[in-house]
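What follows is a single structure, written as structure tokens, with notes after it.
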Amino acid sequence: MKKKKLAGVFLSLSLVAGALAGCNGDSKTSSSGGGSSDSGDTIKIGANLELSGGTASFGQSAADGLKLAIDEINKEGINGKKLEIVKVDNKSDAAEATSGSIKLVSQDKVVAVVGSATSTNTLAQVQVAQDNKVPLLTPTATNPDITNKAGKLNDYVFRTCFIDPFQGTVAANFASDEIGAKTAAIYVDSASDYSKGLAAAFKEAFTAKGGKIVAEEAYVTKDTDFRSTLTRIKSAKPEFVFLPGYYEEVGLILKQAREDGIDLPFMGGDGWDSPKVVEIAGAEALKNTYITNHYSPEDEDAKIQDFVAAFKKEYNKTPDAFAALGYDTGYYLADAIKRSGDASPEKIRQALEEVKDLQLVSGTLNLDENHDPIKSATILEYVDGKQTFKTKINP
Amino acid sequence: MELIQQLVNGISLGSIYALIALGYTMVYGIVKLINFAHGDVFMVGSFVGFYAITVMDLSFISALLISMFTCAIFGVLIERIAYKPLRNATRIAALITAIGVSLLIENGLIYIRGAQPEAYPNNVLPMDKLDIFGVSISSQSILILSVSIILMIILQFVVHKTKIGKAMRAVSFDSEAAKLMGINVNNTISATFAIGSALAGAAGVIFGIYYIKIEPLMGVLPGLKAFVAAVLGGIGIIPGAMVGGLLLGVIEALVSAAGYSLWRDGVAFIVLILILIFLPQGLFGKNKREKV
Amino acid sequence: MTTLKNSKGFWLSIVLALIFFGIMQFSISSGMLNPFYINTLMFIGINIMLATSLHLIIGITGQFSIGHAGFLAVGAYASAVMTMKLELPFIIAILAGGIIAAAAGMVIGIPSLRLKGDYLAIATLGFGEIVRIVLLNIEYVGGASGMQVSHLTTWPWVFACVMITVIVIRNFTNSTHGRACISVREDETAADAMGINTTYYKVAAFVIGAFFAGVAGSLYAHNFYIIQPSNFGFLKSFDILIFVVLGGLGSLSGSVLAAILLTIVTTFLQDYPETRMIIYSLVLILMMIFRPQGLMGTREISTLFTHKKTKGGKKDGSHNTVA
């Protein structure tokens, strides 16, 4: 009697799984009938971005920039074909990013994936790209491990932005040379590879300049109360605070720091770059704060101004660095697809690798042997809640 | 000085926990249900306050009242629609429903307005800093604490001096007997939900003003921690929830002050488990033995 | 116990399962199934293991635990450390994941002796969060940014583990021990009075349930390339809880069915996460109001065919009512 139950269990298991297999078959035929990427007149590229969740502001900006670029490119087409973006929302979650990439590569058969805006979610896709031999091109993930982990090059992975050590070093030099700080505190988001990468580079460069790190504190993404830790930082009496986090927490930290009477200069990286930081912290709290960034919409370079104008026309807002890099990623990829000839993932990979002096909004793109771009960084200062162009630093 | 500053930080945080915990403790006291959705009522209150201030251009006090009123109605609706049909169901079924309601509110709001955060305007309340011997206390911290204490006193008054309060205590003690004595149990339970939810709404607005950033999932963790606070103070006991909330806030601040800020959320749950094991009736509770 | 008829049914089901395995294995190796479907298939397997292991704790023993993601996390990290840091073979990693999670099950099982109902629920939820926060703070396993794990989980592994899990849990339930667990669920005081060592059975349920959740964690870790503490928050616990509740508290086949159905639904709703969660939550609420016993109640699939009630007893949990 009882054994029969087991029979029932397995019977049902096989039935449902059989039904699944059946519906697999269906959607498989429909998808292969619907259009494969190399035939027909569209080339499918995937975009696995943070369209919702904690870092949605970055992903959405990058997606806007990317879409603008693809729309412009499609006016002329590439080798007589048009590009089509297949979007996946990874909800700012690493596991979703992995399964999203698997879906893009195996289900939608894209020729390349535009990877996530943040380092953690991009790292989650690296292995998928390597295993399936499909190029992964991230617009804004700055962690060095993405392209080169422990001396081993991920040959299918590329990026459009500079990497963390460069940003951290620029910030450290700025702190000691321009601000004249001798001591600094670091307040890092321990949930983010990006934040830790910047902090490590800052620490190394700042100590090399003869500075001293007097406090190293950490928080995790989604925290809301930082006062206790800020009080600790205050009592360590630094002259400068390096805060390489993302906008949501940075806004709160700055506000709470100013309320607790910490009037020190704060500096961070491109993770601050979102209008939300101004909304949350308020213009007053942003006084005396600086960031390193990929570009500034106020830069008078003609290419930048053309892009800013086109973006404003389309979306009615000023593009941030994520939008600029998303836009650049579109052009970088289109350029590679054009040079690849047959638009196969392998040829695109090769073309991405062979890029030379490509003129983009965020500077001239060349790759080093680690697939990392060699580009300039911009330092911005917040004045009355607006980013103002301070200097541009070349590598 | 640093220690005193940290205590101030902790009390501000604890006052918010306390306000949410008051609602938890009342609802649990009367229907023996962990109302998981309570944290989300807090979140809804925060959003109502936000829209009242930004869209309707209202002052702090009117936003607070609107938020409390809306949450009271919202709480009653939740109770009538989701919990009432389950009065005689098992505890597990009720708890699962509460989880379901919580998920529904969160994701319903995300569906309507997206998951992006919203920022309270900075100028709702004048922002003054009091510097006392190097300890800076913001006027907002004082406001939070005083609002919590005032609300608790009103609540204590309602529960102990009014007719509806008497009915609540009767239902909480023995709902069958209360029914026999002519008390309308359904209305009493609804009233409890209304009051608890109104307090959560008030906490939501205060949270928004103090911490600026609000988002659809903001209620989850404070909700859980408020439950810890309620258990800590002895569930069903109003002053207990207040003390439990403040205590939890201070414990968290001290953990951060010691440099273990990453362990802060863990500590709240460790406190919970220790309390449950060694002092399940809480700090203020009476020990009750289960009878066969 | 083993009349000819019964063993026939048992062997029939094994054969059916093996045929199913063969078909899938053939489709995979011949390339008929693309990686997306293979991934879904393996995810279904992992979810079945999670659902059945929680079913043992909640459905059979009546211990309301909502920290199951904690065991999953322990298993995932333990196994990942074995393969990635110590470079041990996958089979050892799977076992280690299970055993270490079982140890965690014992740790949480012991407090459960003193707690019941809501308090136990909230304590297990706290336990799940503590696991997550501890992992967050261990630099050795990558802290908050997580650990990259190589892809070792394959269909035969998943299939074998699912089979073992389902068979063990089923046989445990139908043994003397299982009946003792059910008596704890129905009325702990009465069970105690009848001379059943309730403490022992409660801990046993936690340990066995945690073991299989840990094994599922090993497969999970080696299927998703990266594991992060944030993957194992209490929302994950709720997901597993939903499988068990939807399937029917106390029904093994119900848990299995619900795990399969909901994983498929989730996969197809992947692009609409909010809609998925709204559907989930509505289903939970409506289910509790109109059909609190779940899809299957305490029945198993086979009873649908025989029209015989095999098991007496009430649905679940304590008899305390709300209000």
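Confirm whether C:VAL158 is surrounded by 17 or more Cβ atoms within 10 Å (Cβ to Cβ), touching a residue at least 12 places away in the same chain (Cβ under 8 Å) and over 17 Å from A:GLY197 (Cα atoms). Reasoning before the result, please.
Values: surrounded by 17 or more Cβ atoms within 10 Å (Cβ to Cβ): yes; touching a residue at least 12 places away in the same chain (Cβ under 8 Å): yes; over 17 Å from A:GLY197 (Cα atoms): yes.
Spelling it out, C:VAL158 is indeed surrounded by 17 or more Cβ atoms within 10 Å (Cβ to Cβ), touching a residue at least 12 places away in the same chain (Cβ under 8 Å) and over 17 Å from A:GLY197 (Cα atoms).
Regarding B:TYR120, is this residue among the aromatic types (Phe, Trp, Tyr) and at the interface with chain C (Cβ under 9 Å from one of its Cβ atoms)?
Values: among the aromatic types (Phe, Trp, Tyr): yes; at the interface with chain C (Cβ under 9 Å from one of its Cβ atoms): no.
When the stated conditions are applied, B:TYR120 does not pass them.
Within the range A:175-183, identify whether any single residue is in contact with a Ser or Thr (Cβ under 6 Å, 6 or more places away or on another chain) and closer than 28 Å to B:ALA253 by Cβ, and answer yes or no. Outline the logic, then answer.
Of all residues in the range A:175-183, those in contact with a Ser or Thr (Cβ under 6 Å, 6 or more places away or on another chain) come to none.
Within the range A:175-183, none of the residues are in contact with a Ser or Thr (Cβ under 6 Å, 6 or more places away or on another chain) and closer than 28 Å to B:ALA253 by Cβ.
Checking the condition at positive phi, touching a residue at least 12 places away in the same chain (Cβ under 8 Å) and hydrophobic (A, V, I, L, M, F, W, C), which residue from A:ALA334, A:ALA343, A:ALA310 passes?
The match here is A:ALA343.
Out of the residues in the range B:154-183 meeting the condition of being surrounded by fewer than 13 Cβ atoms within 10 Å (Cβ to Cβ) and of a type in the set (A, V, I, L, M), tell me which one is nearest to the chain's Cα centre (by Cα).
Filtering the range B:154-183 for residues that are surrounded by fewer than 13 Cβ atoms within 10 Å (Cβ to Cβ) and of a type in the set (A, V, I, L, M), the one nearest to the chain's Cα centre (by Cα) comes out as B:ILE154.
When you check A:THR229 against the structure, is it assigned to a helix (DSSP H, G or I), at the interface with another protein chain (Cβ under 9 Å from one of its Cβ atoms), touching a helix residue (DSSP H, G or I) at 6+ places or on another chain (Cβ under 6 Å) and among the β-branched types (Val, Ile, Thr), yes or no? Spell out the reasoning first.
Numbers: assigned to a helix (DSSP H, G or I): yes; at the interface with another protein chain (Cβ under 9 Å from one of its Cβ atoms): yes; touching a helix residue (DSSP H, G or I) at 6+ places or on another chain (Cβ under 6 Å): yes; among the β-branched types (Val, Ile, Thr): yes.
Yes: the conditions hold for A:THR229.
Please specify each residue of the range B:77-125 satisfying the condition of being open to solvent by 40 Å² or more (accessible area, probe 1.4 Å), in a helix (DSSP H, G or I) and under 21 Å from B:SER175 (Cβ atoms).
B:ARG80, B:ILE81, B:LYS84, B:PRO85, B:ARG91
Do any residues in the range A:291-306 that are within 12 Å of A:ILE379 (Cβ to Cβ) and open to solvent by less than 70 Å² (accessible area, probe 1.4 Å) have Cβ atoms under 8 Å from those of residues that are aromatic (Phe, Trp, Tyr) and part of a loop (DSSP other than H, G, I, E, B), where the two are at least six apart or on different chains, and which pairs are they?
A:HIS294/A:PHE162
Of the residues in the range A:317-333, how many are more than 16 Å from A:LEU380 (Cα to Cα) and either open to solvent by 10 Å² or more (accessible area, probe 1.4 Å) or charged (D, E, K, R) (or both)? Explain how you work it out, then say what you get.
Just the residues of the range A:317-333 that are more than 16 Å from A:LEU380 (Cα to Cα), to begin with: A:317, A:323, A:325-333.
Filter once more, so that each one left must be either open to solvent by 10 Å² or more (accessible area, probe 1.4 Å) or charged (D, E, K, R) (or both): A:317, A:327-328, A:331.
Matching residues across the range A:317-333 total 4.
Just wondering, is there one or more residues in the range A:78-89 that are open to solvent by less than 10 Å² (accessible area, probe 1.4 Å), touching a strand residue (DSSP E or B) at 6+ places or on another chain (Cβ under 8 Å), within 25 Å of A:PRO373 (Cα to Cα) and within 12 Å of another protein chain (Cβ to nearest Cβ)?
No: the range A:78-89 contains no residue that is open to solvent by less than 10 Å² (accessible area, probe 1.4 Å), touching a strand residue (DSSP E or B) at 6+ places or on another chain (Cβ under 8 Å), within 25 Å of A:PRO373 (Cα to Cα) and within 12 Å of another protein chain (Cβ to nearest Cβ).
Yes or no: A:THR207 away from every other protein chain (no Cβ under 14 Å), open to solvent by 40 Å² or more (accessible area, probe 1.4 Å) and within 25 Å of A:GLN387 (Cα to Cα)? Break it down into steps so the answer makes sense when it comes.
Working: away from every other protein chain (no Cβ under 14 Å): yes; open to solvent by 40 Å² or more (accessible area, probe 1.4 Å): yes; within 25 Å of A:GLN387 (Cα to Cα): no.
For A:THR207, the condition - away from every other protein chain (no Cβ under 14 Å), open to solvent by 40 Å² or more (accessible area, probe 1.4 Å) and within 25 Å of A:GLN387 (Cα to Cα) - is not met.
Just checking, how many residues over the range A:181-195 are open to solvent by 10 Å² or more (accessible area, probe 1.4 Å) and either out of contact with any Phe, Trp or Tyr (no Cβ under 9 Å at 6 or more places or on another chain) or among the hydroxyl-bearing types (Ser, Thr, Tyr) (or both)? Even if it seems obvious, please write down each step before you answer.
If we filter the range A:181-195 for residues that are open to solvent by 10 Å² or more (accessible area, probe 1.4 Å), which is where we start, we get A:182-183, A:188, A:190-191, A:193.
Applying the additional criterion that residues be either out of contact with any Phe, Trp or Tyr (no Cβ under 9 Å at 6 or more places or on another chain) or among the hydroxyl-bearing types (Ser, Thr, Tyr) (or both) yields A:183, A:190, A:193.
So the answer is 3.
Which fully enclosed helices (runs of 4 or more DSSP H) of the range C:147-252 have 1 or more residues being within 15 Å of C:PHE43 (Cα to Cα)? Before the answer, list the steps.
Details: elements: C:155-174, C:176-186, C:188-193, C:198-221, C:234-247.
So the answer is C:155-174, C:198-221, C:234-247.
On the basis of being on the phi < 0 side of the Ramachandran plot, free of Cβ contacts under 8 Å to residues at least 60 places away in the same chain and open to solvent by less than 20 Å² (accessible area, probe 1.4 Å), does B:VAL267 make the cut? Quick ask: steps written out before the conclusion?
Details: on the phi < 0 side of the Ramachandran plot: yes; free of Cβ contacts under 8 Å to residues at least 60 places away in the same chain: yes; open to solvent by less than 20 Å² (accessible area, probe 1.4 Å): no.
Taking the combined requirement at face value, the residue does not satisfy it.
May I ask you to list the residues in the range B:133-159 that are part of a helix (DSSP H, G or I) and of a type in the set (Ser, Thr, Tyr)?
Initially, the range B:133-159 is screened for residues part of a helix (DSSP H, G or I), giving B:139-159.
Result: B:SER139, B:SER141, B:SER146, B:SER148.
Among A:ALA323, A:ALA281, which is in contact with a Gly (Cβ under 8 Å, 6 or more places away or on another chain) and over 28 Å from A:THR42 (Cβ atoms)?
On the way: A:ALA323 fails: over 28 Å from A:THR42 (Cβ atoms).
Answer to the check: A:ALA281.
Here is a check on your reading of the model: is C:THR40 within 15 Å of C:VAL162 (Cα to Cα), open to solvent by 10 Å² or more (accessible area, probe 1.4 Å), touching a residue at least 24 places away in the same chain (Cβ under 8 Å) and part of a helix (DSSP H, G or I)?
Yes.
For the range B:195-210, check the following and say yes or no: at least one residue is away from chain A (no Cβ under 14 Å), more than 30 Å from A:ALA281 (Cα to Cα) and in a helix (DSSP H, G or I). Steps first, answer last, please.
Start the filter on the range B:195-210 by keeping residues that are away from chain A (no Cβ under 14 Å), which leaves B:195-202, B:205.
The next check asks that each one be more than 30 Å from A:ALA281 (Cα to Cα); those that pass are B:195-196.
From what is left, the residues that are in a helix (DSSP H, G or I) are B:195-196.
Yes, the range B:195-210 contains at least one residue that is away from chain A (no Cβ under 14 Å), more than 30 Å from A:ALA281 (Cα to Cα) and in a helix (DSSP H, G or I).
Which condition breaks for A:ILE253 when tested against (1) modelled with pLDDT of 85 or more; (2) within 14 Å of another protein chain (Cβ to nearest Cβ); (3) under 20 Å from the mean Cα position of the chain (by Cα)?
A:ILE253 satisfies all of (1) modelled with pLDDT of 85 or more; (2) within 14 Å of another protein chain (Cβ to nearest Cβ); (3) under 20 Å from the mean Cα position of the chain (by Cα) except (3).
The values are calculated or read from the model by the stated rules, or taken from the named source; none is laboratory data. These numbers were taken from a predicted model, which means no experiment stands behind them. Don't worry about glycine lacking a Cβ; one is built from the backbone with ideal geometry, like all the others, and counts go over all protein chains shown. The protein model used for the area step is the full one, side chains on, heavy atoms only, and it has no ligands, DNA or RNA in it. Shrake-Rupley method; radii C 1.70, N 1.55, O 1.52, S 1.80 Å.
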